[in-house]
Structure formats: C-alpha cells, structure tokens
Amino acid sequence: MPRWVRHRYASLVVLAVVIALLPLLFPSSYYYRVAALVWVSALAAIGLNILMGKAGQVSLGHAGFFGIGAYAVAIGPTHLGVPPLASLLIGAVLSAALAYLVGRPILRLKGHYLAIATLGLGVLVALVITTEIRWTGGPDGMPVKKLVVFGWRASGADTWYWITAGMLLIGTWLALNLDDTPTGRAFRALHDSEIAARVAGVHVDRFKLQAFVIAAVYASLAGSALALMNGFVNPDQAGFLHSVEMVTMVVLGGLGSVIGSIVGAAVLIMLPQALTVFQEYEHLLLGFLIIVSMIFMRDGIVPMLAKLPGRRA
C-alpha cells in the first residue's frame, strides 16, 4: 500500500478514535455542545479548504452558502411543510445551483477581484435573509423545528455530538479521497499554476467551478446541521464576519490540509472559551494569539507540525 494511502487512512482512524474517546473526558453536556460546534465548523472549513487550499481560489463570502443551508431547514418545515431532512438536502441543492450559476462568471476573475466578487455574493445573500422578514424573520431570526426521522427525535447536546461527528467523518473521508481522483489532481494543478494546468490539458474553468460547488455544498450541510442543533437561526450565520472566521480556520490549520481544517476549527472555537477568564481582554488576547501563530507558523499548524520530524532528522 502506498505511503500516502496509509497516511490518509491513518488520519481518518485517528479522527474517529478521538471522536469516540472525547466523551469520556466531558464532565457535563456543555462540552458536548462545544465539540459539536467544532465538528460543524470543521465540516464547513474542509469544504472551503478544498476551494482555497487545493484549487487555489479565494472566497470571502462563503458564509452565504452556510446561511442558505441554515435557513433551508428553517423555512422548509415552517412555511412549506417540507420535513427537516428533506429541507437539508434541498438547501444543499440550492447552494450547489447558486454556486454553479454565480461561479461561472466570477471565477474568471483572479486575485483580489475574485475576493471582492465572492464577498459581494455573501453580502447579497445576507441582505436577502435580513430583508425578507415574512420568510426569514428578518434581523431577529426564526425558530427551527426539531429533526425527526422515522419517529426518532434528535435532541440533546450528546445526540448532536454524534450526528455532527458522523457528518464530519464522512466529509473528511470524501475530502481525503479527493486527492487520488482526476479532479483532485486537476485542483492541485490549478493551485500551482493555472497557465501550466491549461497547457497540460486541464479544463481550468470547469474544475474551478467544481471546487466552488463542492465547497458550497459542504458549507450548506454544515449550516443546516448547526440550525437544527440550535433550534434557531439568524442572519449572523450568513454574515461577513462568519466568512472571515471560516477563512481564518482554514489558514490557521493549514491551507491544503484536510486535518488542518479540523484543527483550525477546534482552535478558533475552543480558544475563546478558554479566554473567557480574562473577561474584557478576551478578544484582544484572541487576536494577539492568532497573529503570533501566523508569524511563527506561516504554513499553518498541521503543516508546521508535519515538518518537525524532518527538521530534527
């Protein structure tokens, strides 16, 4: 078995073991909820990392797709009578369709032009959510009905811990296996050089669009999971600051690293919880720690740790 294949399966097994053993350390249900938030955020970050770290494209409005997924499971059951699980799938399809339609023109842009275009997309989605009060509840948000599957009601932090963990494991497995596909190799070629990829026969526009659609579906599913878990949704989940948070998770954990996305999400979700003892200095310390980590770990946490054995040797 090739070394990279062993590494891929080893990463997945380690993640599964961590997920299985963590509850043994939880003193209360609060920790189940924090861990579930990490799993949801990591799922969205993995999708964004496929776009940014593997395909080399920038997105500053990715929370828009997160918001579409979140509001799909809120609007579907409340206004249309669609079951929550079906609404989750509809939200993913809508996000994929929007990413496909909008991605065709904007992904022809490069650099900061592409960043501004994706930012505009995210702002537009957030604006629609905020202004369509009849459907979305406007700035106040709206409640989300509980997920019920064949009479089984998903409720409680521990239940959602396992649901979101299962979603994360599936999303991680798909992302890790992507590297060994023609699509994954095309993404890597795009990341290195679009010109060289085009010369090598890669259909640049098509694969950039595929990466954008895949990332949108990941974000939509994560948004739906968070909304169903919280039982409530508001426009902040589609806001610009949430997009920045997702980008920070990807960069902090390591661009191009699937496991790095999970680590980045864990750091960004758990660090504020640990810094609450500093009260009004919490956000100041959080920003300072992120700046320091980026100075000394420019490639991200996971790539930097992966290089340590080689440096010692």
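Considering the conditions (1) over 27 Å from A55 (Cβ atoms); (2) in contact (Cβ under 8 Å) with a residue 12 or more places away in the chain; (3) outside any loop (DSSP other than H, G, I, E, B), T118 is excluded by exactly one of them, (1). Looking only at residues of the range 200-211 that are over 13 Å from P182 (Cβ atoms) and either of a type in the set (D, E, K, R) or open to solvent by 20 Å² or more (accessible area, probe 1.4 Å) (or both), we find that the one that is nearest to the chain's Cα centre (by Cα) is K208.
Output yes when any residue across the range 194-212 is within 25 Å of T159 (Cβ to Cβ) and of a type in the set (F, W, Y), and no when none is.
Scanning the range 194-212, I find no residue that is within 25 Å of T159 (Cβ to Cβ) and of a type in the set (F, W, Y), so the answer is no.
Taking the conditions exactly as written (open to solvent by less than 40 Å² (accessible area, probe 1.4 Å), not basic (K, R) and not in a helix (DSSP H, G or I)), does V102 satisfy them or not? Here the answer is no, as V102 does not meet what is asked. Reported count of residues in the range 95-125, each being over 20 Å from the mean Cα position of the chain (by Cα) and closer than 16 Å to V213 by Cα, is 5.
Inside the range 105-134, residues that are surrounded by fewer than 16 Cβ atoms within 10 Å (Cβ to Cβ) and not basic (K, R) make up a count of 12. Could you check, for the range 40-52, whether at least one of its residues is part of a helix (DSSP H, G or I) and among the polar types (S, T, N, Q)? Yes, the range 40-52 has at least one match. For the range 126-153, which positions are free of Cβ contacts under 8 Å to residues at least 60 places away in the same chain and aliphatic (A, V, I, L, M)? Those that are free of Cβ contacts under 8 Å to residues at least 60 places away in the same chain and aliphatic (A, V, I, L, M): L127, V128, I133.
Got at least one residue in the range 28-35 being touching a residue at least 24 places away in the same chain (Cβ under 8 Å), of a type in the set (S, T, N, Q) and not in a helix (DSSP H, G or I)? No, the range 28-35 contains no residue that is touching a residue at least 24 places away in the same chain (Cβ under 8 Å), of a type in the set (S, T, N, Q) and not in a helix (DSSP H, G or I).
Working only within the range 49-92, note down all residues that are of a type in the set (V, I, T) and either surrounded by fewer than 24 Cβ atoms within 10 Å (Cβ to Cβ) or at pLDDT below 90 (or both).
The first filter runs over the range 49-92 and keeps only residues of a type in the set (V, I, T), leaving 50, 58, 68, 73, 75, 78, 82, 90.
Passing the criteria: V58, I75, T78, V82, I90.
So that you can scan it fast, the table gives a plain yes or no per residue for (1) open to solvent by less than 30 Å² (accessible area, probe 1.4 Å); (2) within 12 Å of the chain's Cα centre (by Cα):
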| position | (1), (2) |
| --- | --- |
| Y218 | yes, yes |
| L221 | no, yes |
| A225 | yes, yes |
| G231 | yes, no |
| G239 | yes, no |
| S243 | yes, yes |
| V267 | no, no |
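The values are calculated or read from the model by the stated rules, or taken from the named source; none is laboratory data. Since this is a predicted model, take the numbers as computed values, not measurements. Every residue, glycine among them, receives a Cβ derived from its backbone with ideal geometry; neighbour counts consider all protein chains shown. Each accessible area value is taken on the protein alone, full model and side chains, heavy atoms only, with ligands, DNA and RNA left out. Shrake-Rupley method; radii C 1.70, N 1.55, O 1.52, S 1.80 Å.
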